[in-house]
Structure formats: C-alpha cells, structure tokens
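Note sheet for the following structure.
The values are calculated or read from the model by the stated rules, or taken from the named source; none is laboratory data. Since we're looking at a predicted model, the values are computed, not measured. Cβ: placed from backbone, ideal geometry, glycine included. Neighbour counts: every protein chain shown.
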Amino acid sequence: MDATSVDIAYAVGKFRNAVPMTKSIKCTVAENALDYLLLAGEQAQDGSERLLKHALATLADGIELLLKARLEAHDWSLLFKDVDKAERAKFESGDFQSVTFDQSLKRLKNICGVDFDHSGFPILESLRQLRNRIRHFAVEVKSAQAQSIIANAYSFAIDFVATEITPNTTDDLEYEVNDLRKTLSTFKEFVAQRMKDIEAKLKSQTYSQHVQCPACLQDTLYAEGEKVTCAFCNFEADGESAAYAWADQNYPQSLKDSLIEPVVEECPECASMACVPAGHMKGASYTHVCLSCGETGDFQHCLRCNSLCPTDNVGDMCDSCREHIISGWD
Ligand SMILES: [Zn+2]
Ligand SMILES: [Zn+2]
Ligand SMILES: [Zn+2]
C-alpha cells in the first residue's frame, strides 16, 4: 500500500463513518487533497528551512490527490496503477498500488478529456520534479521560491476544483476552497511585495526578455553572459540547463517528439543550445529568447536546414546555408 492509497482509504473510511453509503464518496478524496494543500501553506508560513521542504512535498501530495479525485469522479478503477487489478474491496481498504503522477496526467488527458494549458503544466511539472528531488536527493528550498510555488499551486487548485471537480461530483467543496482562497491571498501579498522589492532590478534588466523561472515560476528569469539569474528567488544556472528546465516545464515531450521537433534550439547568435520559444508569455515582444547570451528575436527556421535564423537573415536561410549556396554559384 502506498502513501496515497492510504489517503484514499482514509478518505473513503472517513466518509463511511460520516454519511450514509448511498451518498457519493467522490469528493472526500478532493477534501483530503485540499486539506493537504492548506497544511502545506501552514508549513511554509512557519518559515524554517526544514518545514519549507516539507511544505513543497505536502503541496505535491495535495495536488496529486486532487488529480486523483478527478480520476475517481470518472471511474474509481483509474486510481489503480494497473487497472486490470482493480477490485472494489481493495479500493475501499486502500490495499493497492495507486496510479503514478505521470499516469494520472496521461489518464486525465486521454480518458477524462482534461486539457492542461500552459498555465497548468509548469506548476504540475515543477511539483513533480521537486517532490522527486525532495524524496531522493538533498534539495535546497528558499522561502521566496516556496511561497511563489504555493501561490501558483493554490491558484491552479482553485481553478481545477471549479472546472473539473465540482461539475463532476455532487459534493460541496466551497468551505475548503474558501479556506484556500484566504490562504492564497497571504501568499499573493508576499509575491506582490517581493515584486515591488525587485522592481528596480527588473527594470534595469533591459538587454534580454524575462522568462518564467523554472524554480519559482515567476516571469523573472533573465539571461546574460551565458547564465540566467532570477531576481525573485535568486535561482542561478548556466543558460543551457536553464533552457532544458524551461522546456520540460512548459512543453513536456516524449523523447521521440523532442528529436523531431525540439523545443530547445541552437541560438543563431551564440550557438549555445539554449534558445527557447518563450514568446507565448504575456507581454513578450519576441518569440525566441536565448537563455545563454540573452539574445531575443522573432527567429524563423531556415528553409534549407531548419535551424534557427537570425532576424536579419536573407531569403529565409541561415548564414551557413546561404554561404553554401553562394559558393556553389562560383
Ligand atoms: Zn525564480
Ligand atoms: Zn545565444
Ligand atoms: Zn540553414
């Protein structure tokens, strides 16, 4: 039995004691999920480094349970890692291996028709990665990073309950969601205050375009001189690793897809593998940003070799293809 199946068993058991069996059990998992999210908020507000780490792990558990609540609303057997082994008695006792985070996302998309847009992906992906790191490696969590991720996760949870849980169950989660909204506002205040504190710094960063930070998810990551820094959470990384982290969070792809249509491409200016199509972001002026040299532009693909061309290219071709063709004319 894994931790989340215990939680589901707990939720089912809690329900059974409280209300008649004829009523839906679906939302007790969701209630439990929201309870975890609120606990994460309390842990983060404590502020110690130890509890910040726990806050993010608890947050990931809460979000995972919320996804499971949606799967359960569709069909409880979807909570089994192996659906062929689904049995009602096992489900109610919690004696089963439950669906993984990745499986949940896949089933929600392919079976329940849940469409995670660009606002949902980064928070889900960063929690998944953080949880794995917290469980298996040492991880350093900063207060600004934790509070920002919690604010993002709460916003996601409030929207997810409204669009995916409430319409698919008969239960009322308004009480829990209200608590979540209240706690969210304290984190939002923190984020707003921090944004004010770093405003001058952000304004002075004019060479490149800000991109979403893979650590805190604020649009405050800035590239210059082969590295990125985040004014919000002080995250730092070399441009190439930052580009891959950004791509993993914003465009999760299979290995095959990443070979056919890679998200991270070679920068036409500095040739680092660090150019990302971050232009879908609000207020962005250019489609592409290189997270190594900071160059921005509406880069197009070369008609001949498909690599990215600088903005001032001639004939929709990269410099080397154009030189190659010109040398053929001689
Ligand atoms: Zn950051
Ligand atoms: Zn570059
Ligand atoms: Zn070319």
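Please tell me if Pro252 is within 16 Å of ligand 2 (Cβ to nearest atom), out of contact with any Lys or Arg (no Cβ under 8 Å at 6 or more places or on another chain) and of a type outside the set (A, V, I, L, M, F, W, C).
Considered against the rule, which asks whether it is within 16 Å of ligand 2 (Cβ to nearest atom), out of contact with any Lys or Arg (no Cβ under 8 Å at 6 or more places or on another chain) and of a type outside the set (A, V, I, L, M, F, W, C), Pro252 comes out as no.
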So which of Ala245, Ala278 is under 26 Å from Asp115 (Cβ atoms), touching a His at 6+ places or on another chain (Cβ under 8 Å) and outside the structural domain of Gln103 (by TED's automatic domain parsing)?
-> Ala278
So, of the residues in the stretch 217-241 that are farther than 16 Å from Lys142 by Cα and assigned to a loop (DSSP other than H, G, I, E, B), which turns out to be nearest to ligand 3 (Cβ to nearest atom)?
-> Glu226
